[in-house]
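Take a look at the structure set out below.
All of the numbers you see were taken from the coordinates with simple rules; none came from a lab. Because the structure is a prediction, the values reported are computed rather than measured. Quick reminder, even Gly has a Cβ in these numbers, built from the backbone with ideal geometry, and neighbours come from all protein chains shown.
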Amino acid sequence: MTELTPSQERTRRRFETVIGLMAPGLSLVLAAGDRISRVVQPEDFDYYPVRPLGEWEPRPGDISSKPRQ
């Protein structure tokens, strides 16, 4: 990659500074959204936990699935 010109370096530093200043605020927005989503719908009905390979059992929706060996 070629060297950046002084103008490009300045612009890059400005963008990195803005992103660094915005990061805590964006983290707060994400945390608030997570809390709100848990209050609105405390249980996720579409969530299926990952099952370890040794504990495989077919679900009714698994038509042609077989355990791996």
Going residue by residue through segment 6-21, the Karplus relation 6.51 cos²θ - 1.76 cosθ + 1.60 with θ = phi - 60° gives ³J(HN,Hα) values, rounded to whole Hz and with x marking Gly or Pro, of x, 5, 5, 4, 4, 5, 4, 4, 5, 4, 5, 5, 4, 4, x, 6
Contour excess over end-to-end distance, with Cα ends at ARG35 and ARG13 and 0.36 nm allotted per residue
4.6 nm
Using the 10 angstrom Cβ neighbour count as an exposure proxy, how do VAL18, VAL50 rank, fewest first?
VAL50, VAL18
